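Read through the structure below, which is laid out as C-alpha cells, and then see the notes.
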Amino acid sequence: MEVQLTNRQQHILWATVRHYIATAEPVGSKALVEEYDLGVSSATIRNVMGVLEKSGLLYQPHASAGRVPSDSGYRIYVDQLIPSLRDATRTETLGREVEVALQKQLQWQDRSLETLLQGAAQILATLSGCISLIAMPQTTTALLRHLQLVQIEAGRIMLIVVTDGYETHSKLMDLSPTPEETQRDSEVIDRELQIVSNFLNSHLRGRSLLELGHLNWSELDQEFQRYGEFLKNSVAELARRTLAPTATQIMVRGVSEVLRQPEFSQLQQVQTIIHLLEEEQDQLWRLIFEQPEPEDGGKPKVTVRIGAENLLEPIRTCTLISSNYRRGSIPVGSVGVLGPTRLDYESAIAVVASAADYLSEAFSYFNP
C-alpha cells in the first residue's frame, strides 16, 4: 500500500498507534499533546488526524470518540514508521534482549528437541504477550534423484524432476529465442540442454528440492548462461508448487492470557479461535509455513499479516507474525505469535525474529 505521508502526519500516526496499543482506548488530540512531544497544537493534531481518517489509516468507533488505527494504519506503521522513526532502535534492542533470554533459559545441549520447542513456545508467549505458535520440524525432505531438460518445440522446454521416492514432477517453460537462435539446429539445442541437465544433476543430486533456488548459476559456462536466468526462477517455483512440505503439529502456548484482552470479549469469537488452534491446525500451518526469500545476510524473513490480510476467518481481526527456522538454507519449521491487531509490533517482531534465529542454530545441533 503506497501512501505518501508528510513528516508531521507520520509522527502523529506513529503516536496514535503507540498510544492506542498502550491504552486500548480511542485516541484524541489532547492525549497526544500531553503524552508526546509533537511540537504542534491540539487543533493541528485534530486536523491531521482528520486527514489520516480520510486516507483510511484511522477511524472513529463512534461519533464522540477519538480515533483508532485501521488495518491499513497498522500496515503503514509496520512497513514505514517502525523502520524510519525512533522505533528501529527499540526493535534492535528488543531483539538482543530476546536472544539473551532464550540463551539464558534454554540450553539445547541438555534437552530433547521437543522439550526445547516447548520451552521456546512458553518463552515466546511470555515475552510477546501473544499466543505463541511453533510448528514442529519436518521429519522428511524430498531429495532430488534426477533432473532432465527436454525440448518440446521451438522456444518451449520441459523440466522433469524425479525425487528419491520416485515421484515425477514437470513444468513447461518458455525460452524466448533471439532471431539468430530461431535458425539454430534442433539437435544443437538438444545437446545444450543435455549439458545443462548434466550440470544441474552434478550439483543437485541428493540435495533437498528446497535448495534448488540457491544454486550458484554463475558456474554455468558462458554459452549456457542464457538458460540460467529462466531456470533459476522456474526450478525454484516447481519445488514450491509441487513439493510442499507436510503439515506438522503446532505447539500452542499463551492462549488464556491473550483471550483476556478486550478485543476477545465475545464468546463466539473466542470459541472460533480456540477451535482453529485445536482442531484445524493444518489450515493454520499452511498460513505460517511459507518459503519467503531470506533477507540480506541470509536471515529468515519475518512475515506480518494484519487483520483482513489473514486468509482464515477466525483470525481476520488478529495479527499473525511468523518466520521459518532452518537447517542451513532449508526451512524445516515455523515460529509465530498471534494476537489482536492492537499489539506491540516492535516487540513481537523482535521476539519472532530472534526465536527463528535461535531455533535455526539449535536445530543444527540436533540435525548435524
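The values are calculated or read from the model by the stated rules, or taken from the named source; none is laboratory data. Computed from a predicted model, the values in this text were never measured in an experiment. All Cβ positions, glycine included, derive from the backbone under ideal geometry; neighbour counts span all protein chains shown.
Residue by residue, here is whether (1) out of contact with any helix residue (DSSP H, G or I) (no Cβ under 8 Å at 6 or more places or on another chain); (2) modelled with pLDDT of 80 or more; (3) surrounded by fewer than 21 Cβ atoms within 10 Å (Cβ to Cβ) holds:
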residue: 90; (1), (2), (3): no, no, yes
residue: 94; (1), (2), (3): no, no, no
residue: 102; (1), (2), (3): no, yes, no
residue: 108; (1), (2), (3): no, no, no
residue: 115; (1), (2), (3): yes, yes, yes
residue: 119; (1), (2), (3): no, yes, yes
residue: 122; (1), (2), (3): yes, yes, yes
residue: 127; (1), (2), (3): no, yes, no
residue: 131; (1), (2), (3): no, yes, no
Which one is surrounded by the fewest Cβ atoms within 10 Å (Cβ to Cβ), of the residues in segment 1-14 that are part of a helix (DSSP H, G or I) and not β-branched (Val, Ile, Thr)?
7
Out of all the residues in segment 28-55, which are in contact (Cβ under 8 Å) with a residue 12 or more places away in the chain and outside any helix (DSSP H, G or I)?
28, 36, 38, 40, 55
Can we say residue 53 is surrounded by fewer than 20 Cβ atoms within 10 Å (Cβ to Cβ) and in contact with a strand residue (DSSP E or B) (Cβ under 9 Å, 6 or more places away or on another chain)?
yes
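Residue-by-condition table, conditions (1) basic (Lys, Arg); (2) assigned by TED's automatic domain parsing to the domain that holds residue 131; (3) surrounded by fewer than 23 Cβ atoms within 10 Å (Cβ to Cβ); (4) touching a strand residue (DSSP E or B) at 6+ places or on another chain (Cβ under 6 Å):
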position: 301; (1), (2), (3), (4): yes, yes, yes, no
position: 313; (1), (2), (3), (4): no, yes, yes, no
position: 344; (1), (2), (3), (4): no, yes, yes, no
position: 347; (1), (2), (3), (4): no, yes, yes, no
position: 352; (1), (2), (3), (4): no, yes, no, yes
position: 359; (1), (2), (3), (4): no, yes, no, yes
What are the residues in segment 330-368 that are charged (D, E, K, R) and closer than 20 Å to residue 137 by Cβ, if any?
357, 361
Checked against (1) over 26 Å from residue 115 (Cβ atoms); (2) surrounded by 14 or more Cβ atoms within 10 Å (Cβ to Cβ); (3) modelled with pLDDT of 90 or more; (4) out of contact with any strand residue (DSSP E or B) (no Cβ under 9 Å at 6 or more places or on another chain), residue 308 satisfies every condition except (2)
Among the candidates 48, 68, 17, single out the residue that is at pLDDT 95 or above, buried (at least 21 other Cβ atoms within 10 Å of the Cβ) and either polar (S, T, N, Q) or within 26 Å of residue 305 (Cβ to Cβ) (or both).
17
May I ask you to verify whether residue 346 is without any contact (Cβ under 8 Å) to a residue 24 or more places away in the chain and not in a loop (DSSP other than H, G, I, E, B)?
no
Selection from segment 112-137 of residues that are more than 22 Å from residue 304 (Cβ to Cβ) and in contact with a strand residue (DSSP E or B) (Cβ under 9 Å, 6 or more places away or on another chain)
114, 117, 118, 122, 136, 137
Where residues in segment 56-65 are out of contact with any Leu (no Cβ under 8 Å at 6 or more places or on another chain) and in a loop (DSSP other than H, G, I, E, B), which of them is modelled with the highest pLDDT?
56
Quick check on my filter: what residues within segment 134-151 are at pLDDT 85 or above and not in a strand (DSSP E or B)?
136, 137
